[in-house]
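To keep things clear, I will list the structure first and then write my remarks on it.
Just so it is clear, none of the values below were taken in a lab; they were calculated from the coordinates. The shown structure was predicted, so the numbers you read here are calculated from the model rather than taken from an experiment. Counting neighbours? That spans all protein chains shown, and the Cβs are built from the backbone with ideal geometry, glycine included.
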Amino acid sequence: MTPLRTCRMCQGSVRQVLDLGRQPSANAFLPPAAVADEVYFHLAAGVCESCTLLQLMDETPQGLRYRDSYRYEASGSKGAQEHFERVADRLLATELTGADPFIVEIGCNDGVMLDSIARAGVRHLGIEPAKGVADLAEARGVTIINEFFGHSSAVDIRQLHGAADVIYGANTICSIADITGLMRGVDTLLSADGIFVFEEPYADTVVRGRAFDQIYDEHVFYFSVRSVEAMAERFGFELVDVEHVAQHGGELRYTLARAGVRTPSAAVLKQWHAEMEVDLTDPATLQQWSAAVHDTRDNLVALLRSLRADGRRVAGYGAPAKATTVTNFCGIGPDLLPFVCDSTPGKQGRLMPGSHIPIVSPGAFRDDYPEFVVLFAWNHADEIIAKEQAFRELGNKWIVYVPEVRII
Ligand code: TYD
Ligand code: ZN
């Protein structure tokens with residue numbers, strides 16, 4: 001029997017389509033002494049047969065995620081920094097132009113986007129539940145509150161600061177399981193002609209693009225134009241724009257306004273038509289997807305085992321949350337990958353969640369190059385391969401696994 005659950009948005013029936021097994025929280029990077037405290041849960045994705053929303057089958061309580069071990073820093077790559085500067089510049093030029101504009105960011109992380117807003121002297125508020133990264137944002141001069149966003153925080157913010165012209169979120173809206181609380185909060189806080197902009201993992205990238213490593217505890221939802229339209233309508237909003245975003249291997253940015261207030265752009269209809277070609281509820285498409293993901297696992301493990309048998313030196317590059325999904329799904333531990341390197345200071349000296357592979361600095365990687373390196377941060381391939389040219393010039397090889405396992 002295929003496991004079923006109730007859709008978190010429309011109460012329709014969600015059918016499990018991909019099982020990724022027992023997993024820890026993807027950004028919980030442990031100090032070696034804390035391994036015994038690790039929390040595991042079951043990770044599987046399913047599709048709603050009514051609204052098509054791709055979502056996690058199990059609950060992954062948000063209170064367990066953003067604790068001291070949460071080590072994700074959004075400004076961890078040059079590409080991400082430039083991306084969020086562009087987002088801020090555009091919002092400043094197009095939306096935050098009135099007498100005293102106000103922007104709220106849901107899950108501002110280390111303040112990578114709001115930094116530009118703060119420097120422009122525009123009123124803003126970042127809401128960030130993870131204390132470690134909230135402190136980094138504050139140290140940059142960003143105004144923050146250290147809590148989760150929901151209806152009650154929206155009521156408080158509205159009372160204290162007035163309505164927001166823009167509510168923004170990047171890779172955070174998909175993590176709020178309580179869609180009703182989120183949308184009631186947005187309704188309370190947003191001005192009459194304001195916009196709610198969010199950019200999130202895209203169901204099509206995850207399924208047809210085979211980026212199954214986007215699936216982890218934080219990402220409760222994998223949105224699409226169809227499912228976001230359904231969500232907007234339910235709460236009195238309208239999807240008025242959609243854009244492709246290159247971050248995280250290919251995301252969509254959605255702009256919602258109150259229904260009837262703004263004219264939807266041509267891009268909405270165009271993307272809606274593109275999605276109609278892929279029926280996300282089609283069992284054959286989803287079965288193919290699950291089979292392809294299992295092939296990736298088998299091929300990656302076989303490759304790493306044969307490299308080990310040949311005595312080759314192998315490591316990983318980048319310890320993104322995505323790597324937690326891959327290493328735990330594939331059963332890759334320090335026996336196959338003795339270490340990974342990552343540029344985030346807060347991750348170095350810690351262990352990767354579940355797999356317990358030690359994390360070192362990129363400097364340590366450069367001191368003694370391995371011969372083969374699994375590029376876990378594959379979405380930053382251009383930036384990393386350019387930065388690590390010497391690694392390749394010495395004849396060493398990168399291994400990638402999205403959309404399939406390849407040596408490059
Ligand atoms: P990210 O792409 O934000 O992925 P996720 O959302 O899955 O965590 O994270 C990229 C990780 O890769 C982050 O830990 C920083 C690391 N990284 C490096 O170590 N070196 C680099 O040159 C780049 C670009 C990233
Ligand atoms: Zn649904």
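Points to keep in mind about this one:
- Here A284 and N146 are evaluated by their C-beta separation; at R0 = 60 Å the FRET efficiency comes out at 0.85.
- Straight-line cross-link reach from K131 at under 30 Å between alpha-carbon atoms covers these lysines, not counting any fewer than eight positions away in the same chain: K78, K322, K347.
- Averaging Cα coordinates gives a centre for the stretch 282-314 and one for the stretch 47-90; these two points are 25 Å apart.
- Crossing angle, helix 283-309 versus the chain [Cα axis fit, 0-90 degrees, rounded to tens]: 40 degrees
- In this Cβ point-charge picture (+1 for Lys and Arg, -1 for Asp and Glu), the chain has a dipole of about 560 debye about its Cα centre.
- Residue-count net charge about I384 - beta-carbon cut-off 13 Å; Lys, Arg +1, Asp, Glu -1: 0
- For the chain, C108, C174, C330, C341 stand unpaired, since no other cysteine beta carbon lies under 4.7 Å from theirs.
- Of all aspartates and glutamates in the structure, those lying under 14 Å Cα to Cα from K387, and not within fewer than 8 positions of it along the same chain, are D342.
- Summed over qualifying helices (DSSP H, 4 residues or more, each -39500 (n - 2.57)) and divided by its residue number, the chain shows a 222 nm mean residue ellipticity of -10000 deg cm²/dmol.
- Between the beta carbons of L160 and W272, assuming R0 = 45 Å, the FRET efficiency works out to 0.75 to the nearest 0.05.
- The alpha carbon centroids of the stretch 166-187 and the stretch 345-408 are separated by 34 Å.
- Nitroxide proxy distance, nm - points 7 Å out along Cα→Cβ at I408 and R234: 3.7 nm
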